[in-house]
Every structure is written in C-alpha cells, then in structure tokens.
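The next block holds one structure in the form of structure tokens; read it before the comments.
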Amino acid sequence: MNKRIQQNVMIKGTKDGFMLHLDDSCSFSELLKELEVKLSANYQFQENDPSISVKVHTGNRYLDEKQKEKIKEVIHKKKKLFVDEMISNVLTRDEAKRWKDENQVTTVTKVIRSGQVFEVPGDLLLIGDVNPDGMVRAGGNIYIMGQLKGIAHAGYKGNHEAIIAASVMKPAQLRIAGQVNLSPDQYTKWGHDLECAYMDEEENIIIEKLQVLKKYRPNLNRLEGGL
Amino acid sequence: MGEAIVITSGKGGVGKTTTSANLGTSLALLGKKVCLIDTDIGLRNLDVIMGLENRIIYDLVDVVEGRCKIHQALIKDKHFEDLLYLLPAPQNSDKSAVNEEQMRKLISDMKPDYDYILIDCPAGIEQGFRNAIAGADKAIIVTTAERPAVRDADRIIGLLEKEEHIEPPQLIINRIRGHLLHEDEEMDIDGVTDFLKIDLIGVIPDDDQVIVAANKKEPIAYNPDNRVSLAYRNIARRILGESVPLTPIGGEPKGFISKIKKFFSVR
C-alpha cells in the first residue's frame, strides 16, 4: 500500500480564482467527507474578506443534479466561497445529442409552402424557396439557395450571432433571436440578390450584401485547408 | 385498374368544377370510361354543369352509408353509350356526413370498373378536402393567375405533398386573359409556375363561352371549335400520356387597330 494518503481533493490557485480538483475514482461519500475536512482545515476567513469564486472540476465523474447541489452546499458552508462553475469531462448522451444538433447544418431540398413551418435545431441549408406565409426557423444560421419570400427566423433560441442569407431576399419578415424586421411594402420585381441579415450591437437587424459577413461574422468561415 | 385524380384548388371560384366536368367529358370523348365524383357535399354544382341535376335519385352519402348500391346512384351521361358517369353529392347534408375511410373504400371499389375517376374537391382545407384527397392517386391543382388563388394553391400543394399515396400534383392555370399578360397586370404563366414549382399540365384561356355553356347545361368540351374546349381536350391527352405542346395564349394585345392607335398615341 502506498504510504501517502491518496488526495481526493486538490486545491489549486489560478489567476481566475481557486480551482478545486475532485478525484473521480473514489466514492462520492468519501469525496464529500474529504472536501469538508479540506475546506475547514484551511485558512479561517475574516469577516471583511471579499468572497472568493471557486471553480470545481469533477474530472471523469458523472454527477447528477442532486450530487452537484451537495457539493455546492459543502463549499457554501464556508461563507466566503461560492461556486462559480462546475466543469466536467463527462457529457450525457442528451447533452451530446443537443450539442451535435445545434452545431450541424441540416440540408433540405424542398419548397416551404404557405402554412408550413420548418424547424431545425442547428443551421439550415435550404435548397428551394420559402413561399409567402411559409416559415423556416433555425437554432443557428439560415442559408437559402432560392427565394426567401416568407418568414425566416434564425437563432430562435436566443442566438444573437445567427445570420440569414438568401440567394434572393424578398422576405415578409426576418427574425433573429428576439428581434423582428418587417419588410418594405414593395419589392422590386426580382428582389435583392445575395443578401444577408445579421444583428448589430444595438440589436437592430441589418440587411446587407453578402460580402460584409466576412467582416461581422468571421466565425462562419469553417473552411480548413485550401489556399 | 383505373386512376383516381382529385381536382382541387384551395380557393373557391377558380374553376374546379368546370375543370372536372370538361376533363371528364374530354376523356370520355377520347374513349375512356370515366366517373366523376362530386364531393362538395351541401353545395353541389357538378350535376348542374353536366346537365344531370334532374336525374339524381341517390347520392354519395347514400352509397357510403349502404342505402343503395354504387350503380344505383351513378347517373349516366346521355351523350355517351357507356363512358361517362356522375356520382352526385347530396345537397342536404354537410361535409362531415362522409369520412376519409369511407371515401378510400368507395374509390378503391370503383377503380376496377373505370379508366379514370375524377374527384371534384370542395374549396377549403377542412373535412371536405380531406375526404376528396383520401382515395386519390394523383392530384390536379387549378388556379387562376391571381395572387390570392396562387397563394391558396401553394398551401394546398404543401398539404398534398404530405400525402404519400398521391403523386406530385400537376397544375392547370385557368382563365388566362391574353391582353392582361401583355400589360404586366397579372402574374403570367411563368410567374405562377416559378412560384409553385410544380409541373404545368395545361393553360385554359378565359372565354365567355364557358359561362354560356354552363347555363346551357352542357360542358364546353363538346364544342370542337372553341379554344377552351381545345385546351381541355389537350389536357385530357396529356393525362393519357401524349405529349401535346402548349398553345400560346393571347397573341396580340388588343388587335391590329389598337396597335396602330397606340403607334400614333391616340386613345
């Protein structure tokens, strides 16, 4: 047996504050006990000390909500400590699926017709038109290779960074996150070619030529390789 | 085994019933055995246009509820020996008198006996529409070149695309006025097909003779010299699988004289 006692809780100071590393191989009750001992054995806080934020890293251990609460409770017993963030290497299946859905581009070849609502969790690449009274909704960006004549709602879960781009922009409404942009009463017969809509810092929806995207949304370029 | 084709539009008054009557007649003129089914329960019209309203004894609801046999309710068109039949709708019930399952069964029972079953659909997207499309294999959308009609057609196409038993719908643009096309007042044929993005099976010009024919209780398709009749007959041939080119509609805006007047800016 190893003479040294296995350290289940390690406290590290970083420039962002304290980081508590919790070992992931011991049992949870053991971990809690040691956490309590470690925290009380240490420095006694003074009345007027500023409160200290702590990040908790749980390694490869999966913690359910109850267990997370318990750990927070133990840490909060020390009046000057509060848990800023809990970091874990573990991702549940649901979280992983959501993460994947929200980050993938769904490609659809279809005309979204009057009365239809088409919704995707991530980005939408629509090869086809959105007709008047039709609606497309995406958690991320909306790219339309066709005519946008209905309603497009990008970032509908609140993503302000989302954009809408269309080959022909003649929308009834553009919506990004919580903002709505109404169309002018009249479009020229052929609409506006290759335009995009994004939200600026004042939360206004701006419609401009596609070229500006590179400037305002550099993250859209996921292209790797090439020249 | 025949084909069941539903004729629908969404919007009322664009010419579903006229189209059903004339396509049925045209197909019968081409030697096909046709049955027309009016599903506009409570507001039937097809019998009037066909000139058969005085001969109704039993109707669609009587058949599906088993009060009579199918052949008892069918009305034979007097122009043909044994080619054109009508199953009329009742005037004194409402759309809920029939359900989709009953329609599906009725039509599959009838299919072996006919080459084509044309189902005249009521306006709207409620139960009547559901009934009309339930047993159909194909759909023909009728629209005029006006925005409200095209919008409703778009909605209907969206609903039909969800029905897996129906082939992608085809389009008839009805009541095209040649002179308006030239004045850019109307959506033109390309505008409509570009909007709806489905196959065009025919274009019907606007003609007062259609109204005259309806009042005479005889579909215009019997008249061999009329351009509307010709357009319907061409659609019937396209339904049979022939390739018939579209006849251009309109031609000169308002005739030669007006062109000269326009040239000299006299109005």
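Does at least one position in segment B:58-69 carry a residue that is touching an Asp or Glu at 6+ places or on another chain (Cβ under 9 Å), touching a residue at least 24 places away in the same chain (Cβ under 8 Å), among the β-branched types (Val, Ile, Thr) and surrounded by fewer than 24 Cβ atoms within 10 Å (Cβ to Cβ)? No, because not a single residue in segment B:58-69 is touching an Asp or Glu at 6+ places or on another chain (Cβ under 9 Å), touching a residue at least 24 places away in the same chain (Cβ under 8 Å), among the β-branched types (Val, Ile, Thr) and surrounded by fewer than 24 Cβ atoms within 10 Å (Cβ to Cβ). Residues that are out of contact with any helix residue (DSSP H, G or I) (no Cβ under 7 Å at 6 or more places or on another chain) and within 12 Å of chain A (Cβ to nearest Cβ) within segment B:118-148 comprise B:Arg147, B:Pro148, listed in sequence order. Looking across segment B:100-112, the residues that are loosely packed, with under 15 Cβ neighbours inside 10 Å and in contact with a helix residue (DSSP H, G or I) (Cβ under 9 Å, 6 or more places away or on another chain) come down to B:Glu100, B:Glu101, B:Lys105, B:Asp109.
Assess whether B:Pro205 counts as being without any contact (Cβ under 8 Å) to a residue 60 or more places away in the chain, over 28 Å from A:Gln147 (Cβ atoms) and more than 14 Å from chain A (Cβ to nearest Cβ). Quick ask: steps written out before the conclusion?
Numbers: without any contact (Cβ under 8 Å) to a residue 60 or more places away in the chain: yes; over 28 Å from A:Gln147 (Cβ atoms): yes; more than 14 Å from chain A (Cβ to nearest Cβ): yes.
Yes.
Of all residues in segment A:133-160, those that are more than 13 Å from chain B (Cβ to nearest Cβ), farther than 17 Å from A:Lys209 by Cα, in a loop (DSSP other than H, G, I, E, B) and not aromatic (Phe, Trp, Tyr) total 7.
Looking at A:Val180, A:Val168, A:Val130, A:Val120 in this structure, which one is under 27 Å from A:Arg98 (Cα atoms) and within 14 Å of chain B (Cβ to nearest Cβ)? Break it down stepwise before answering.
Working: A:Val180 fails: within 14 Å of chain B (Cβ to nearest Cβ); A:Val168 fails: under 27 Å from A:Arg98 (Cα atoms); A:Val120 fails: within 14 Å of chain B (Cβ to nearest Cβ).
One residue alone meets the criteria, A:Val130.
Taking first residues from segment B:39-53 that are at pLDDT below 90 and partners that are crowded, with 21+ Cβ neighbours inside 10 Å and not in a loop (DSSP other than H, G, I, E, B), the Cβ contacts under 8 Å between residues at least 6 apart in sequence or on separate chains come to B:Glu53/B:Asp47.
Just checking, does segment A:183-192 include any residue being surrounded by 15 or more Cβ atoms within 10 Å (Cβ to Cβ), touching a Pro at 6+ places or on another chain (Cβ under 8 Å) and modelled with pLDDT under 90? Yes, because at least one residue in segment A:183-192 is surrounded by 15 or more Cβ atoms within 10 Å (Cβ to Cβ), touching a Pro at 6+ places or on another chain (Cβ under 8 Å) and modelled with pLDDT under 90. Set side by side, the residues B:Gly66, B:Gly13 differ, and just one is out of contact with any helix residue (DSSP H, G or I) (no Cβ under 8 Å at 6 or more places or on another chain), of a type outside the set (Asp, Glu) and under 30 Å from B:Val203 (Cα atoms), which is B:Gly13. Count of segment B:222-267 residues, restricted to those that are modelled with pLDDT of 95 or more and loosely packed, with under 10 Cβ neighbours inside 10 Å, is 0. Within segment A:76-117, the set of residues being touching a Leu at 6+ places or on another chain (Cβ under 6 Å) and either within 14 Å of chain B (Cβ to nearest Cβ) or charged (D, E, K, R) (or both) comprises A:Lys78, A:Val108. Of the strands (runs of 3 or more DSSP E) lying entirely inside segment A:167-219, those containing at least 3 residues that are among the β-branched types (Val, Ile, Thr) are A:205-209.
Of the residues that make up segment A:153-169, is at least one among the β-branched types (Val, Ile, Thr), over 21 Å from the mean Cα position of the chain (by Cα) and crowded, with 22+ Cβ neighbours inside 10 Å? Give the derivation first.
Residues of segment A:153-169 among the β-branched types (Val, Ile, Thr): A:163-164, A:168.
The next check asks that each one be over 21 Å from the mean Cα position of the chain (by Cα); those that pass are A:168.
Filter once more, so that each one left must be crowded, with 22+ Cβ neighbours inside 10 Å: none.
The answer is no; no qualifying residue exists.
Give the residues of segment A:81-130 that are out of contact with any strand residue (DSSP E or B) (no Cβ under 6 Å at 6 or more places or on another chain), of a type in the set (A, V, I, L, M, F, W, C), surrounded by 16 or more Cβ atoms within 10 Å (Cβ to Cβ) and farther than 30 Å from A:Gln173 by Cα, sorted by residue number. Correct list: empty. Set side by side, the residues A:Pro132, A:Pro121 differ, and just one is touching a Gly at 6+ places or on another chain (Cβ under 9 Å) and touching a residue at least 40 places away in the same chain (Cβ under 8 Å), which is A:Pro132. The selection criterion, being in contact with an Asp or Glu (Cβ under 7 Å, 6 or more places away or on another chain), closer than 17 Å to B:Tyr232 by Cα and surrounded by fewer than 24 Cβ atoms within 10 Å (Cβ to Cβ), holds for B:Lys32.
The values are calculated or read from the model by the stated rules, or taken from the named source; none is laboratory data. The model shown is predicted, which means the values in this text are computed figures rather than measured ones. Counting neighbours? That spans all protein chains shown, and the Cβs are built from the backbone with ideal geometry, glycine included.
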